[in-house]
Amino acid sequence: MSIDEPQKVDLVFQANLTKPMLKAANLPYDEMLAALDCSWADYGTVHVRIATEAELPGGVLSEGVEPPGTDYYLGYTQVGDGIASDLVQLTPGKYYLTQFEIVEDDGEGGWNILLATPMANSAFKDFVTDVLPLGFDINNYEKNRLVLDVLCFNQQIAPAFGFEWFDYNIVEGDEICVFINCINEYDRDFYHQVFASDIYAWKTADGATPLEDTPYWVVGPNYELTTPEGGDGSQIVGAVTPMCFPLYDVLEDMPEGLLLQLNPVFGKTAEGELIYGDSVIVHISRDIIMEYLGLTEYEGIAEDLGDGISVKVELTDDPQAENPRYIHIMLTDCHKPAYFESHSNGSDVADIYALRFVGGDVLMTKILDFSQVGRDPHIAVAPNRRQLYVVDSDVSNTILVYDLYSMSSQTFGIGGDVPEKVTQLVYMNDTLFAADMNTDALTFYVLDPDGLNYSEYNEIDLSTDVDFSGGDLIAVKDDAGHSTLWSFSKNGGTSYVHEIDLATGSVTELQNEVNLNNTFGAMVYEGGDFIITGHGDDVGLKGWNTPFDFADSFTSYNPIPDITYTYGDLASPFILNRARPQ
């Protein structure tokens, strides 16, 4: 060393482990931080980063930028309840400590942080005596020692340390795994079902609505599709498995947990279109996430989210599982596709579509070409959401049964006495009714889809000149449990709504409004208080919020692709709930 070269001075670091006891109870991190358990490791290393005044003028860090400085990795010795590092030598001058961590070798050329000192203006700044960057001076002939507090570190709470530059290393516990199943209470043969869906994770500020315009993570499909032998190329759902996705700064950006958007899938058409049910939103709370990560005591108690949705942490019995816990989502509704439409383009082409409502749009996926059977199909969905029944107006001795699970159809001939014409089809009280509706009489038949036969149920003579043939039927039940049918039928420049009581044979006019002009098709939306109808002279569907006052009270839905209804029909498995008139 030359006489002009500055002499280096020894510097030693000491660290004390701070175990917070919810010091800042308003912080969402307190409970999680207090639950972390760590200690000094015999094989640990002290990592410090030290910047000069030239590298960090005034000790001010730029937001979001990794702190500057030179890295030192030092051994340490336990001293009392803390540690003392090996010496590092610096020339006299002004310095800033920009990182201070206890780390261990990750075996892949990097380091895992065990304990760390938080940054200034971070959520954890009040848990320690000094925060970073910490300025200090190195002077000749002085014993230089810095004493710092460190906190247990976990990747999920890196943002609370102010580590905006932190490069996450995804390891066990840094991802969240969910499994979803459902109950179809209307189908005893398939009561418990797995829930196939495309999954998206969203940040949320209130536990109910997404915080941003794009998902926090596109989780992807939790299912595999298989192609049945001898089919038309359509694919059905095969295996359904748990899905895992990274969980980073859930407590920083998601203090209310996260939202999972589930888009139910039940297959893919031969043309390559996925067929969806309506989306389901599930809230995964922060408490559930912490229990899943093992940061709070395991309870295994389900959170009831309402609408038949519950969420709980389960323990797997698989001894080979990397993480013994998973989040179990249970739905009491399997949300299979429930809305269907049939129409003809006015010639001999008739198609049947599955519908999905998204905001002001109704997405239409063709599932069946009915042209080989007839031009004017009438449809009804079984309450179990499994079978779709199709009968053509002019071919009443044939019924097509479409299985929504296998995405396959079969056509059956119906023996015995058959109606000359079937103009409408509807389920009421678990019974499939076929109707020949005209201007002088309404004739109702029970159509047994298992025995493949008709039996006449009731014939109602009409004194009105209303043509009932061109509309649709929905099932209605009042609060006393009495069931009737509502008929939506076009009649010249307007349309009628009539209530038909099959038990008494009475027919009562409910509405005759210009706004119902050429109504084609009607069905009940889930919940039982909303009616969807088609419009024969327009593109789109209408939703009626107030069933007893149809004038100027509808919501318009734009079909994708565009459809103008001619000989159209709508069907859902739901019934309309109404108060019994006084």
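Readers should treat all values here as calculations from the given coordinates under stated rules, not as data from a laboratory. Everything numeric here is computed off the predicted structure, so don't read it as measured data. Don't worry about glycine lacking a Cβ; one is built from the backbone with ideal geometry, like all the others, and counts go over all protein chains shown.
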Subject >> Gain in span if fully extended, Asn121 to Glu420, counting 0.36 nm per residue against the direct Cα distance >> reply: 99.5 nm
**OP:** Kindly list the residues of segment 111-137 that lie in the label zone of Asn16, defined by a backbone N under 14 Å from the point 7 Å along the Cα-to-C-beta vector.
**Re:** 127-131
Subject >> Links that overshoot a 28 Å alpha carbon limit, given the list Lys268/Lys421; Lys203/Lys366; Lys336/Lys542; Lys94/Lys125; Lys125/Lys312; Lys366/Lys542 >> reply: Lys268/Lys421; Lys203/Lys366; Lys125/Lys312
Subject >> Label-point separation, Val349 to Asn545 (7 Å along Cα→Cβ), nm >> reply: 3.7
Original post:
What is the distance, in nm, between label points placed 7 Å from the Cα along the Cα-to-Cβ direction at Asn181 and at Ser310?
Top reply: 1.3
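Can you figure out the FRET efficiency of Asn438 with Lys94, using R₀ = 56 Å and their beta-carbon distance, to the nearest 0.05?
0.05
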Subject >> Vicinal HN-Hα couplings computed from phi for segment 396-410 (Karplus, 6.51 cos²θ - 1.76 cosθ + 1.60; Hz; Gly/Pro x) >> reply: 6, 8, 9, 10, 9, 10, 9, 8, 6, 7, 8, 6, 9, 10, 9
Original post:
What is the diffusion coefficient of segment 175-331 in µm²/s, taking the Kirkwood radius over Cα pairs and the Stokes-Einstein relation at 25 °C with a viscosity of 0.890 mPa s?
Top reply: 147
**OP:** Let me have the relative contact order for segment 204-345, percent, based on Cα pairs under 8 Å that are six or more residues apart.
**Re:** 17
Original post:
Gap in Å between the Cα centre of segment 437-471 and the Cα centre of segment 218-288?
Top reply: 43
Original post:
How much length is gained if the chain between Val60 and Asp562 is pulled fully straight, taking 0.36 nm per residue apart and subtracting their Cα-Cα distance, in nm to one decimal?
Top reply: 174.8 nm
Subject >> Unit Cα scatterers, Debye sum, segment 237-317: log10 I(q)/I(0) for q = 0.16, 0.18, 0.27 Å⁻¹ >> reply: -0.78, -0.93, -1.42
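Considering only DSSP states other than H, G, I, E and B, which GluC sites (Glu not before Pro) in segment 408-473 qualify as loop sites with at most 16 other Cβ atoms within 10 Å?
Taking segment 408-473 and a limit of 16 other Cβ atoms within 10 Å, the loop GluC sites (Glu not before Pro) found are Glu420.
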